[in-house]
Each structure stands twice: as structure tokens, then as C-alpha cells.
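Data first, discussion second: the structure below is written as C-alpha cells.
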Amino acid sequence: MAFYALAKTNELTEGFKRSIKLPSIAVLIFVHENELYIIEDRCPHMDIPLVTGTLEASGDEGAIRCRAHGIAFNLATGKAEGMWADTLNCLNAFVPVYRDYTVGIDIDDADEDRE
Ligand code: FES
């Protein structure tokens, strides 16, 4: 496992959003409706970066809508919404890891080798 720091904890205020390229993956970290999310910055539909997507309310949970074809992904479940729900992979989400006033992710070697 390798730890990658993505942000300082004092940056994590509503509206914070940052895309970070790690050696083998791009990660999107953001705060939406007072919740911290860390997801792969890649739409499960056709691999477009989600950093340019729109964060929106979706019932009790938020969603991110990809700008390319307008598919929304539920932030709580990672699943595509609507008619795409059963046909697309879920968002690839990460568990936040807090270390010394930073937040980041642990990625195992298998993830680091991914193309
Ligand atoms: S690439 Fe994201 S909706 Fe098509």
C-alpha cells in the first residue's frame, strides 16, 4: 500500500474540488453538501474526466453528472442513475485516510499497476 496525500484538512470546505494525477490513476476529491468524496476522475461510461462534471442534489444524496453525455452517478452508491443503472460500472470510490492534517488515499500495488 502507498499513501497519497490529496489535500490539507483545512481545505475541506463546501465547494472544494481538485483533480490530482497519481502515477497510475487520476483522482477527484471534493466536498459536496458537507460530505467528502474521493473518486476516480474517470467516467465509467467512456473514461472522460469527471472534474468538469456538475455536482447536484439527487434526492437525499448527491450526484455527479458527466458533461460528456449527461449521465449522473449517485455519490452514495456510485451507480449510474436512470436507464443506465444496470448497464454501467459504478464510480470507483476511495475511503479517505487522514494523516497529519492531510487527507489522502491508500492504493495497493494492484491499483498502481493499472493502465
Ligand atoms: S463519458 Fe461520461 S457520460 Fe459518457
Checklist outcome for this item: Within the stretch 79-101, residues being under 17 Å from residue 29 (Cα atoms) and either open to solvent by less than 30 Å² (accessible area, probe 1.4 Å) or not in a strand (DSSP E or B) (or both) number 7
Item to check | Residue list for the stretch 56-78, filter: open to solvent by 10 Å² or more (accessible area, probe 1.4 Å), modelled with pLDDT of 95 or more and closer than 22 Å to residue 31 by Cβ | outcome: 65, 67
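Condition check ((1) more than 14 Å from the ligand (Cβ to nearest atom); (2) part of a loop (DSSP other than H, G, I, E, B)) across all residues:
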{"position": "6", "(1), (2)": "yes, no"}
{"position": "15", "(1), (2)": "yes, yes"}
{"position": "18", "(1), (2)": "yes, no"}
{"position": "24", "(1), (2)": "yes, yes"}
{"position": "28", "(1), (2)": "no, no"}
{"position": "37", "(1), (2)": "yes, no"}
{"position": "48", "(1), (2)": "no, yes"}
{"position": "57", "(1), (2)": "yes, no"}
{"position": "62", "(1), (2)": "yes, no"}
Next on the checklist: So in the stretch 1-23, with the set limited to residues that are small (Gly, Ala, Ser) and surrounded by 13 or more Cβ atoms within 10 Å (Cβ to Cβ), which one is nearest to residue 92 (Cα to Cα)?
Outcome noted: 19
Next on the checklist: If I go through the stretch 24-49 residue by residue, how many of them are crowded, with 19+ Cβ neighbours inside 10 Å, within 14 Å of residue 80 (Cβ to Cβ) and free of Cβ contacts under 8 Å to residues at least 24 places away in the same chain?
Outcome noted: 0
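The values are calculated or read from the model by the stated rules, or taken from the named source; none is laboratory data. From a predicted model like this one, the values you see are computed outputs, not experimental measurements. Glycine gets a Cβ as well: all are built from the backbone with ideal geometry, and neighbour counts include every protein chain shown. These accessible areas exclude ligands, DNA and RNA; they are computed on the full protein's heavy atoms, side chains included. Shrake-Rupley method; radii C 1.70, N 1.55, O 1.52, S 1.80 Å.
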